[in-house]
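Step one of this worksheet: look at the structure below.
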Amino acid sequence: MDGGIRENDISRIVDLDRAHIWHHLIQHKPFETGEPRIIVEGKGMKVWDQNGKEHIDGVSGGVWTVNVGYGRESIANAVRDQLVKLNFFAGAAGSIPGAIFAEKLIDKMPGMSRVYYCNSGSEANEKAFKMVRQIAHKRFGDKKHKILYRERDYHGTTIGTLSAGGQDERNAQYGPFAPGFVRVPHCLEYRAQWDLSGEAYGKRAADSIEEVILAEGPDTVGALCLEPVTAGGGVITPPLGYWERVQEICKKYDVLLHIDEVVCGLGRTGTWFGYQNYGVKPDMVTMAKGVASGYAAIACLVTTEDVFDMFKDDPSDPMNYFRDISTFGGCTAGPAAAIENMRIIEEENLLQNTLDMGERMINNLNTLSEKHSVIGEVRGAGLFCGAELVQDRTTKDPAKEKLVQAVVADCMTQGVVIGATNRSLPGLNNTLCFSPALIATADDIDHITDAVDQALGRVFS
Ligand SMILES: Cc1ncc(COP(=O)(O)O)c(C=O)c1O
């Protein structure tokens, strides 16, 4: 083990962790008697914990991030070389990897043209919200300042992004939130709000966005922020007809379309970006997790040239530019890692692999649903899949969260890491989530779904 820590020091690390670390998203009382999990090492699709136990990672680092897998020396080398040359300079200046990655990124995003660097998905979304507010101020006498967001979507953990948070359980206890954010209905046909199906449902769900715009007043609505495929809100793939209608509505009411690609970006659905599955032309796109697969912290807000132009059209006005900074947006490790990450995706043909392996995973899960009636619906795009668990297929009563978590725990015992929606929607934290690295092989996919098969058998027997 590196860093001067000997293998047999690991129990000391566990003690230090228990004494001082405040883990993310977890209740700590059990650590007073039990051990927190410490992940020590990763290679390819596998990680090892403090006890040396091997796991296959079905969720790319827990939160759909490590798209190209663990242990990529070429990324580490690119970052190391860049750090000794220049580690940081504030983002009012440019950098060599920043410029090179921007060109490569824009090349994958026809219609887009400018890259704003920062360092988390939440932050990138905040930047987009600030741009919408400044455009409203400059162009529309402050009127077009409202930002629409969708029920079940998530855009980040800050108070600003939680104000655009469509997951009531995640938001609970953190209010009051910022004004000027307005919710639109979700588009999950399995939990349909209208007695319609297929394309008719998709169009109706999109029409409900128009209804909100009309109710609020189109001259007050500046932007619509959506995930292309909703992630933590239940792996919701959009119904047919939805996105076409969304695009029409945004155009009709001069509403900027902001797509949150923090999870889908950089290959997760088998295309570079999730929105590219649906022929959408966004005005703003945010991305983070997979941009450098977690080898460095990097997030981007990418805009069209039209959006960019709105911030430079009057240089005589000292307030007429985007007066925003992100200190660590000036770290060069991010774009250096991102360049290499993108090269790997291209050279190893990982988009195609994502489509092929995604299809295998969906097929495997569908086969499991023939055997386990607790699986109500299987959804997914590329290597981004979900299985919604129900008590009864007819009533669709959600499976109890404790049992859903028991499936996750059983898989963990088998050495397979999977995820489930949690603390997201009251009573609806019932979707198992799968997002293995884009390098997954057929054996990896089968290994993961075999573990789920066994876990479902044990938990719901
Ligand atoms: C769709 C989406 N947007 C934004 C975020 C926030 O990203 P970060 O945790 O990097 O701030 C997340 C995180 O899970 C996400 O899933």
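The values are calculated or read from the model by the stated rules, or taken from the named source; none is laboratory data. Every value quoted in this text rests on a predicted model; they were computed, and no experiment measured them. Cβ placement follows ideal geometry from the backbone for every residue including glycine, while neighbour counts extend to all protein chains displayed.
When restricted to residues that are closer than 12 Å to residue 129 by Cα, assigned to a strand (DSSP E or B) and touching a Gly at 6+ places or on another chain (Cβ under 8 Å), segment 172-186 contains 0.
What's the total number of residues in segment 249-294 that are of a type in the set (S, T, N, Q) and either within 14 Å of the ligand (Cβ to nearest atom) or in contact with a Phe, Trp or Tyr (Cβ under 9 Å, 6 or more places away or on another chain) (or both)? Reasoning before the result, please.
So the first thing to find is which residues in segment 249-294 are of a type in the set (S, T, N, Q), and the list is 269, 271, 276-277, 286, 293.
When the remaining residues are screened for being either within 14 Å of the ligand (Cβ to nearest atom) or in contact with a Phe, Trp or Tyr (Cβ under 9 Å, 6 or more places away or on another chain) (or both), the result is 269, 277, 286, 293.
The total comes to 4.
Taking residue 61 as meeting all but one of (1) part of a helix (DSSP H, G or I); (2) more than 16 Å from the ligand (Cβ to nearest atom); (3) farther than 27 Å from residue 182 by Cβ, write down the number of the exception. Among (1) part of a helix (DSSP H, G or I); (2) more than 16 Å from the ligand (Cβ to nearest atom); (3) farther than 27 Å from residue 182 by Cβ, the lone unmet condition for residue 61 is (2). Take residue 282 and tell me if it is under 24 Å from residue 130 (Cα atoms), modelled with pLDDT of 95 or more and in a loop (DSSP other than H, G, I, E, B). So residue 282 passes the test.
If you check 42, 52, which single one turns out to be surrounded by 15 or more Cβ atoms within 10 Å (Cβ to Cβ), out of contact with any helix residue (DSSP H, G or I) (no Cβ under 6 Å at 6 or more places or on another chain) and outside any helix (DSSP H, G or I)? One residue alone meets the criteria, 42. Being part of a helix (DSSP H, G or I), of a type outside the set (A, V, I, L, M, F, W, C) and touching a Pro at 6+ places or on another chain (Cβ under 9 Å) is the filter here; which residues of segment 314-349 pass it? Hits for segment 314-349 are 334, 335. Within segment 113-171, the set of residues being away from the ligand (no atom under 16 Å from the Cβ), surrounded by fewer than 22 Cβ atoms within 10 Å (Cβ to Cβ) and either in a loop (DSSP other than H, G, I, E, B) or of a type in the set (Phe, Trp, Tyr) (or both) comprises 113, 140, 141, 142, 143, 145. Is segment 61-84 home to any residue that is closer than 30 Å to residue 324 by Cβ, of a type in the set (A, V, I, L, M, F, W, C), in the same structural domain as residue 303 (by TED's automatic domain parsing) and exposed (fewer than 14 other Cβ atoms within 10 Å of the Cβ)? Checked against the condition, which is being closer than 30 Å to residue 324 by Cβ, of a type in the set (A, V, I, L, M, F, W, C), in the same structural domain as residue 303 (by TED's automatic domain parsing) and exposed (fewer than 14 other Cβ atoms within 10 Å of the Cβ), segment 61-84 yields at least one hit.
Among the residues making up segment 386-415, those that are farther than 18 Å from residue 373 by Cα and touching a residue at least 40 places away in the same chain (Cβ under 8 Å) are 410, 411, 412, 414, 415.
Pairs needed: first member in segment 59-72, closer than 12 Å to residue 292 by Cβ and modelled with pLDDT of 95 or more; second member anywhere, charged (D, E, K, R) and within 12 Å of the ligand (Cβ to nearest atom); C-beta distance under 7 Å; at least 6 residues apart or different chains. Taking only residues 6 or more apart or on different chains, the pairs are 65/289; 67/268.
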